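S.K.: Would you mind keeping the following structure in view while I ask a few things?
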Amino acid sequence: MPGLIGRKIGMTSVFSADGKNVPCTVIEAGPCVVTQVKTIENDGYAALQLAFGEMKEKNTTKPMMGVFKKAGTTPKRHLAEFKFDGEHTLGETITVDIFNDVEFVDVVGTSKGKGFQGVMKRHGFGGVGQSTHGQDDRARKPGSIGACSYPAKVFKGMRMGGHMGGERVTTQNLKVLKVIPEHNLILVKGSVAGCNGSTVLIEK
């Protein structure tokens, strides 16, 4: 199985074997239930749909209730597909044990939303000119955004102010420090995008 759905618990630090204090992120990974098995013959590709997190039946749509009843499980809050061509059956529970022998993982999360931000915070601009040389309120402005006569337009992708955060972010090659199966926890070195309690995908 290539990965699991999980929940970011928060950050802490652990001591390594050589006595170094290593910052790490604690993730509750699974247990996840297999709710659909997609095959090349029926769907054109091989994948597993996993479900994670409990949800009330009254808040679940009837089509999704049909999916969960077919898998023989209770309604779940989060669903995700992982491309996988292996032996797993409908309704099977997959736990954090799949990461026991894994050294590095990729973690996909949604970054914290910052709202509308200017170019200095959003893109790291240095600001325009010197505030002591007669400038009024343009110290944090972006400056020129395009040519005047030719091509007389602003090119697509110009870095400007706008909505910052709330995007899908993949953090690659995070070292697995520890797996705690009895509590469904995995500790990875470094930070993971998103706030505490947010849903993440952990992939081998």
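The values are calculated or read from the model by the stated rules, or taken from the named source; none is laboratory data. Just so we're clear, the structure is a prediction, and the values are computed from it rather than from any experiment. As a convention, Cβ positions derive from the backbone with ideal geometry for all residues, glycine included, and neighbour counts pool all protein chains shown. Please note that ligands, DNA and RNA were not included when accessible areas were found on the heavy atoms of the full protein model with its side chains. Shrake-Rupley method; radii C 1.70, N 1.55, O 1.52, S 1.80 Å.
S.K.: Kindly indicate the residue of the stretch 143-191 that is outside any loop (DSSP other than H, G, I, E, B) and of a type in the set (K, R) and also nearest to R122 (Cα to Cα) among those meeting that condition.
M.R.: R168
S.K.: Testing Q49 on (1) touching an Asp or Glu at 6+ places or on another chain (Cβ under 7 Å); (2) over 15 Å from T89 (Cα atoms), one condition comes back false. Which one is that?
M.R.: (2)
S.K.: Please find, within the stretch 9-43, the residue that is modelled with the lowest pLDDT out of those that are of a type in the set (S, T, Y), within 29 Å of R77 (Cβ to Cβ) and within 23 Å of the chain's Cα centre (by Cα).
M.R.: From the stretch 9-43, those of a type in the set (S, T, Y) are 12-13, 16, 25, 35, 39; that's our starting set.
Next, only the ones that are within 29 Å of R77 (Cβ to Cβ) stay: 12, 25, 35, 39.
Going one step further and asking which of them are within 23 Å of the chain's Cα centre (by Cα), we end up with 12, 25, 35.
Numbers: T12: 94, T25: 94, T35: 90.
My answer is T35.
S.K.: Could you list all residues from the stretch 71-89 that are in contact with a Ser or Thr (Cβ under 8 Å, 6 or more places away or on another chain) and either part of a loop (DSSP other than H, G, I, E, B) or loosely packed, with under 15 Cβ neighbours inside 10 Å (or both)? I'd like the intermediate steps shown before the answer.
M.R.: Residues of the stretch 71-89 in contact with a Ser or Thr (Cβ under 8 Å, 6 or more places away or on another chain): 71, 73, 75-76, 78-79.
Of everything in the stretch 71-89, those that are in contact with a Ser or Thr (Cβ under 8 Å, 6 or more places away or on another chain) and either part of a loop (DSSP other than H, G, I, E, B) or loosely packed, with under 15 Cβ neighbours inside 10 Å (or both) turn out to be T73, P75.
S.K.: Mind listing whichever residues of the stretch 17-39 are without any contact (Cβ under 8 Å) to a residue 24 or more places away in the chain and either out of contact with any Asp or Glu (no Cβ under 9 Å at 6 or more places or on another chain) or open to solvent by 70 Å² or more (accessible area, probe 1.4 Å) (or both)?
M.R.: A17, D18, G19, K20, N21
S.K.: Within the stretch 180-195, take every residue that is surrounded by fewer than 19 Cβ atoms within 10 Å (Cβ to Cβ) and farther than 15 Å from P23 by Cβ and give me the one that is farthest from the chain's Cα centre (by Cα).
M.R.: E182
S.K.: Within the stretch 90-112, is there a residue that is under 20 Å from K8 (Cβ atoms), assigned to a loop (DSSP other than H, G, I, E, B) and either open to solvent by 60 Å² or more (accessible area, probe 1.4 Å) or modelled with pLDDT under 85 (or both)?
M.R.: Looking for residues that are under 20 Å from K8 (Cβ atoms), assigned to a loop (DSSP other than H, G, I, E, B) and either open to solvent by 60 Å² or more (accessible area, probe 1.4 Å) or modelled with pLDDT under 85 (or both), one finds at least one in the stretch 90-112, hence yes.
S.K.: Sticking with this structure for a sec: For the stretch 53-73, which positions are under 25 Å from E87 (Cα atoms) and hydrophobic (A, V, I, L, M, F, W, C)?
M.R.: M64, M65, V67, F68, A71
S.K.: Okay, moving on. Which residues, taken from the stretch 121-140, are modelled with pLDDT of 80 or more and open to solvent by 100 Å² or more (accessible area, probe 1.4 Å)?
M.R.: Matches in the stretch 121-140: K121, R140.
Listed here are the residues, each with its yes/no results for (1) polar (S, T, N, Q); (2) within 13 Å of F82 (Cα to Cα); (3) in a strand (DSSP E or B).
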| site | (1), (2), (3) |
| --- | --- |
| I9 | no, no, yes |
| T12 | yes, no, yes |
| G19 | no, no, no |
| C24 | no, no, yes |
| E28 | no, no, yes |
| V34 | no, yes, yes |
| V37 | no, yes, yes |
| E41 | no, no, no |
| A51 | no, yes, yes |
